[in-house]
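J.: Here it is, the structure, as structure tokens.
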């Protein structure tokens, strides 16, 4: 059965049949940007102004005259690596700028492969700027905790609830599979991967050894770290 699933997977992860886009509140055009040091107000074009970042969040602004050479270089790095067109306000009112190429919205729904095989609990696919997540009635409802962002977590929780998914009792394990696409993560009952169908009552988180770093970022740190450790395990 697993070979059949993998053949289907190689046709690419299709968009879930019923999607529910979830997008954080977009950042409105700022009208009162003030330099943190000289208190000068931004007027007109923002050429040369630097956004002060902390873990991806905007925490202040610096005008060109107040920037050190190091801060100016940092601004150039931010310009090259962050998507300033996709800034979003999180649940705490903080502005976050996602990395270029990252997923900044989520689409949830079902998937034909999950209807055909009840051992599949979740299918996650990065299709920037959209993260696509498929779940079904068989999904372990606890799997919404895999996601680090509250918007993603709630979207998956709501979809599972609408499908009648219930919490399960299986522990998680991690399987690195070179046949997986770099942008996909699947959660599957372990008997699907065992010779003779023997089960150890676990849910396997399956992903490529070359997993896209952007898809790792959607998972809560403890799960992302476990995935990285499994890749480098002897």
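The values are calculated or read from the model by the stated rules, or taken from the named source; none is laboratory data. Note that this is a predicted model, so its numbers are computed, not measured. Cβ: placed from backbone, ideal geometry, glycine included. Neighbour counts: every protein chain shown.
J.: So, in the stretch 60-72, how many residues would count as being in contact with a strand residue (DSSP E or B) (Cβ under 7 Å, 6 or more places away or on another chain), within 16 Å of residue 41 (Cα to Cα) and surrounded by fewer than 16 Cβ atoms within 10 Å (Cβ to Cβ)?
T.: 1
J.: Considering each of 203, 175, 131, 146 in turn, give the residue that is assigned by TED's automatic domain parsing to the domain that holds residue 110, buried (at least 18 other Cβ atoms within 10 Å of the Cβ) and more than 16 Å from the chain's Cα centre (by Cα).
T.: Among 203, 175, 131, 146, only 203 is assigned by TED's automatic domain parsing to the domain that holds residue 110, buried (at least 18 other Cβ atoms within 10 Å of the Cβ) and more than 16 Å from the chain's Cα centre (by Cα).
J.: I've got another one for you. Among 210, 179, which is assigned to a loop (DSSP other than H, G, I, E, B), at pLDDT below 95 and farther than 19 Å from residue 109 by Cβ?
T.: 179
J.: Turning to a different aspect of this structure: Among (1) surrounded by fewer than 18 Cβ atoms within 10 Å (Cβ to Cβ); (2) modelled with pLDDT under 90, which single condition is residue 102 missing?
T.: Of everything listed in (1) surrounded by fewer than 18 Cβ atoms within 10 Å (Cβ to Cβ); (2) modelled with pLDDT under 90, residue 102 misses just condition (1).
J.: Moving to a separate point now. Looking at the stretch 36-66 only, could you name the residues that are at pLDDT below 85 and on the phi > 0 side of the Ramachandran plot?
T.: 44, 48, 55, 56
J.: Going residue by residue through the stretch 106-118, is there one that turns out to be modelled with pLDDT under 85, assigned by TED's automatic domain parsing to the domain that holds residue 170, closer than 24 Å to residue 185 by Cα and in contact with a helix residue (DSSP H, G or I) (Cβ under 8 Å, 6 or more places away or on another chain)?
T.: No, the stretch 106-118 contains no residue that is modelled with pLDDT under 85, assigned by TED's automatic domain parsing to the domain that holds residue 170, closer than 24 Å to residue 185 by Cα and in contact with a helix residue (DSSP H, G or I) (Cβ under 8 Å, 6 or more places away or on another chain).
J.: Just checking, does the stretch 145-166 include any residue being more than 13 Å from residue 220 (Cβ to Cβ), in contact with a helix residue (DSSP H, G or I) (Cβ under 9 Å, 6 or more places away or on another chain) and assigned to a strand (DSSP E or B)?
T.: There is at least one residue in the stretch 145-166 that is more than 13 Å from residue 220 (Cβ to Cβ), in contact with a helix residue (DSSP H, G or I) (Cβ under 9 Å, 6 or more places away or on another chain) and assigned to a strand (DSSP E or B).
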